[in-house]
């Protein structure tokens, strides 16, 4: 599988370190970090769209679509558990395994994108707080 779950932990740690390093810096430095985080989030989003098109999957980045996919996945798991019937056809089993791997890869990519978006949001909030403090004469 192309996406490794360990990337999720690494990206979360990297985002946390960036946020900590940015706090306490001046407005221009915070603004530069906000712009960098936004660029990275946009780049990750574009990569996800390209991967979705490459796999001929419908790419809808909305949260509602992700929830629908998750509900369908859970319903499919429940159906499989209820059936308890072993698949004997190797081709069908292979197709189902590939679909599950694709879904897992999409879920990891979505989580990485969500972390990048969260990093951007935290840094943007820090920038807004810096602006507010400056306007209030607290800087």
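Quick check, is residue 120 within 19 Å of residue 7 (Cα to Cα) and surrounded by fewer than 19 Cβ atoms within 10 Å (Cβ to Cβ)? Explain how you work it out, then say what you get.
Values: within 19 Å of residue 7 (Cα to Cα): yes; surrounded by fewer than 19 Cβ atoms within 10 Å (Cβ to Cβ): no.
So residue 120 fails the test.
For (1) under 23 Å from residue 9 (Cα atoms); (2) at pLDDT 75 or above; (3) out of contact with any helix residue (DSSP H, G or I) (no Cβ under 6 Å at 6 or more places or on another chain), each residue gets a yes or a no:
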| site | (1), (2), (3) |
| --- | --- |
| 57 | no, no, yes |
| 60 | no, no, yes |
| 70 | yes, no, yes |
| 76 | no, yes, yes |
| 100 | yes, yes, yes |
| 106 | yes, yes, yes |
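Could you look through the stretch 108-139, keep only residues that are part of a loop (DSSP other than H, G, I, E, B) and in contact with a helix residue (DSSP H, G or I) (Cβ under 9 Å, 6 or more places away or on another chain), and pick out the one that is modelled with the lowest pLDDT?
The first filter runs over the stretch 108-139 and keeps only residues part of a loop (DSSP other than H, G, I, E, B), leaving 136-139.
When the remaining residues are screened for being in contact with a helix residue (DSSP H, G or I) (Cβ under 9 Å, 6 or more places away or on another chain), the result is 138-139.
Values: 138: 73, 139: 54.
Within the stretch 108-139, the match that is modelled with the lowest pLDDT is 139.
Scanning the stretch 5-32 for residues that are more than 13 Å from the chain's Cα centre (by Cα), modelled with pLDDT under 85 and not in a helix (DSSP H, G or I), which turns out nearest to residue 100 (Cα to Cα)?
In this case the residue turns out to be 23.
To keep it simple, each residue is scored yes or no on (1) closer than 20 Å to residue 123 by Cβ; (2) touching a helix residue (DSSP H, G or I) at 6+ places or on another chain (Cβ under 6 Å); (3) touching a residue at least 24 places away in the same chain (Cβ under 8 Å).
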site	(1), (2), (3)
8	yes, yes, yes
18	yes, no, yes
25	yes, no, no
32	yes, no, no
36	yes, no, no
39	yes, no, no
42	yes, no, no
50	no, no, no
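Cβ-Cβ below 7 Å, separation at least six or inter-chain, first residue in the stretch 125-139 and exposed (fewer than 14 other Cβ atoms within 10 Å of the Cβ), second part of a loop (DSSP other than H, G, I, E, B): which pairs?
133/139
The values are calculated or read from the model by the stated rules, or taken from the named source; none is laboratory data. Note that the structure is predicted; figures quoted are calculated from it, not measured. All Cβ positions, glycine included, derive from the backbone under ideal geometry; neighbour counts span all protein chains shown.
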